[in-house]
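To start, the structure under review is shown below, and the notes come after it.
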Amino acid sequence: VLIPGQKTPYRLYGTDGWPLLDLLVGAKEDAPAVGERFLCRHPFIERKRAAVRASRVLPLHHVVFELGTVQMESLPSLQETKQYVKDQMAFMRPDLLRPLNPSPYKVSVSQDLFTFLHDLWQAETPVTEMS
């Protein structure tokens, strides 16, 4: 299922330094703040939710091109990009990376994005007529 609309992704880290989850918030919503309680919802299952106090918040998206023009002052080299990916993989919990039966990595949405998505589903899902 695709989640429509503009979103901003963040990676939230716990006090132990490991990433807890990735979070999608609406583009006009405030970013989660370090040390403040933030309600994270499973995108599709209403009863799955968690209150998170992140010790670190990492934005995962940076605009590179907009309307055909480069928006970043300097683009990273291929080697820098490869090293960044290796560094990010080194910060993942081992249970997420094991080849046999890896743990699923959690991706959550904000309360506002959850409400938007479920309201959209309700509005667009046909109602069965019975008599």
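The values are calculated or read from the model by the stated rules, or taken from the named source; none is laboratory data. Owing to the predicted nature of the structure, the values given are computational and were not obtained by experimental measurement. Quick reminder, even Gly has a Cβ in these numbers, built from the backbone with ideal geometry, and neighbours come from all protein chains shown. The area values use the complete protein model at the heavy-atom level, side chains included, leaving out ligands, DNA and RNA. Shrake-Rupley method; radii C 1.70, N 1.55, O 1.52, S 1.80 Å.
Taking all protein chains together, V34, V64 sort by accessible area into V34, V64, largest first [probe 1.4 Å].
Could you tell me how many degrees, from 0 to 90 and to the nearest 10, lie between the Cα long axis of helix 111-124 and the main elongation axis, the longest principal axis, of the Cα atoms of the chain? The two axes meet at around 40 degrees. When the label point is put 7 Å from the Cα of I3 along its Cα-to-beta-carbon vector, which residues of the range 23-49 have a backbone N closer than 14 Å? Zone members listed by number: 23-32, 39-46, 48-49.
Round to the nearest 0.05 the FRET efficiency obtained for T115 and S77 when R0 = 30 Å and r is the Cβ-Cβ distance. Write out the running numbers ahead of the final one.
Values: r = 42 Å, r/R0 = 1.38.
The formula returns an efficiency of 0.10 here.
Could you give the accessible area per residue of the range 1-81, probe 1.4 Å, as a whole number in Å²? Intermediate results must be reported in sequence, preceding the final value.
Working: 5760 Å² over 81 residues.
Result: 71 Å² per residue.
Rounded to the nearest 500 deg cm²/dmol, what is the calculated helix-only ellipticity per residue at 222 nm for the chain, with -39500 (n - 2.57) per DSSP H run of length n ≥ 4? Mind showing how you got there, number by number?
Working: 3 runs with 31 residues, N = 131.
Estimated from H runs of four or more residues: -7000 deg cm²/dmol.
Using 0.36 nm per residue and subtracting the Cα-Cα separation, the extra length available between V64 and Y105 on full extension is 12.1 nm. Using the average count of surrounding beta-carbon atoms within 10 Å as a protection proxy, the listed peptides 44-55, 79-90 rank, highest first, as 44-55, 79-90.
The stretch between D16 and R98, if pulled fully straight at 0.36 nm per residue, gains 27.6 nm over its current Cα-Cα span.
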